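The values are calculated or read from the model by the stated rules, or taken from the named source; none is laboratory data. Because the structure is a prediction, the values reported are computed rather than measured. Positions of Cβ are backbone-derived with ideal geometry, glycine not excepted, and every protein chain shown enters the neighbour counts.
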There are 2 protein chains.
Amino acid sequence: MPIQLAGKAAERGNSPAGDHCPVDRAMQLIGSRSTMLLMREAYYGTTRFDAFAARVGMTEAVTAKRLRELVAAGLLERRPYQEPGQRTRHEYALTERGLDLMPALFALGQWGRKHLPHDGTPMLTHDACGAPVRVELRCTEGHRPRPEELVITS
Amino acid sequence: MPIQLAGKAAERGNSPAGDHCPVDRAMQLIGSRSTMLLMREAYYGTTRFDAFAARVGMTEAVTAKRLRELVAAGLLERRPYQEPGQRTRHEYALTERGLDLMPALFALGQWGRKHLPHDGTPMLTHDACGAPVRVELRCTEGHRPRPEELVITS
């Protein structure tokens, strides 16, 4: 059932992977609940501070702190906008780096939907064909490896 | 660029999604760095307490607490084992619920590999064909929807 380890990964003994592990690096930077919920809102089209705070249900202080972190980490971009007769404000737009996190967010959601069921959980579908959308592991040859067919090499 | 919202999701206004959101439910239960690193080790075949603590580089107290949480959440199972002449100890085995988190973990790793590059980052490949393995969004008809082709319906 476990994944196969090859190369240095197989000889690691009990030493911690530390910064070699990209999961660890990602979690250190963006692995908080509030970060994930703000990214969910960004994917849903939210751009303005007040809407982010309200839709994730966080205080303005926490929202401001987390949005600053997401801008610093390059997942969102802060852009000025101005409505007639109003002062200049800022909105938050997705970057490519932010969009690239989408599979991780939906994979967490897929796990939550299956293992922590709750009434009213939204569905994710493909608009062209209406079929449900899932997150899956595929190799570039198009196969879907079982866990024991995966190899980690370092 | 944003995802399409349909049904109640489109009419949500500024009310928080709360427990309707499976990403939120998942992050509340398992969304910490130490949890993800312990699950990484479980996928790599680690079963024993000392090896978990050493390989994730955490204190015994934190490791014990997090393993207890993962057992309570059903991602790992605690099983007795006994070596000749030793007292009974316990090891931690992956459950189906734990295995199901694998795409989320590798999706975070995929993001970290691309956006936070670091020497010595391990590669994930398919042993049968040697091709790199990626996490991707696919509908059950086999299409790979672009973000703007995704629909969230609640």
Next on the checklist: Checking B:T88 against (1) farther than 19 Å from A:C139 by Cβ; (2) facing chain A (nearest Cβ under 7 Å), only one condition comes out false. Which one?
Outcome noted: (2)
Checklist entry - Out of the stretch B:80-137, which residues are under 23 Å from A:A17 (Cα atoms) and acidic (D, E)? => result B:E91, B:D100, B:D119, B:D127
Next on the checklist: Among the residues that make up the stretch A:61-69, is at least one of them surrounded by fewer than 16 Cβ atoms within 10 Å (Cβ to Cβ), closer than 24 Å to B:I3 by Cα, over 22 Å from the mean Cα position of the chain (by Cα) and touching a residue at least 12 places away in the same chain (Cβ under 8 Å)?
Outcome noted: no
Checklist outcome for this item: Restricting the stretch B:90-114 to residues that are touching a residue at least 24 places away in the same chain (Cβ under 8 Å) and over 22 Å from A:R146 (Cβ atoms), the one surrounded by the fewest Cβ atoms within 10 Å (Cβ to Cβ) turns out to be B:H90
Item to check | Subset of the stretch A:115-154 [polar (S, T, N, Q) and buried (at least 16 other Cβ atoms within 10 Å of the Cβ)] | outcome: A:T121, A:T125, A:S154
Checklist entry - Taking interchain pairs and intrachain pairs at least six residues apart, which have beta carbon atoms under 8 angstrom, with the first residue in the stretch A:126-137 and touching a residue at least 12 places away in the same chain (Cβ under 8 Å) and the second of a type in the set (D, E) and surrounded by 13 or more Cβ atoms within 10 Å (Cβ to Cβ)? => result A:V135/B:E136
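Tally time: how many residues in the stretch A:108-154 are on the phi > 0 side of the Ramachandran plot and at the interface with chain B (Cβ under 7 Å from one of its Cβ atoms)?
1
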Checklist entry - Mind checking which residues of the stretch A:97-149 are β-branched (V, I, T) and modelled with pLDDT under 95? => result A:T121
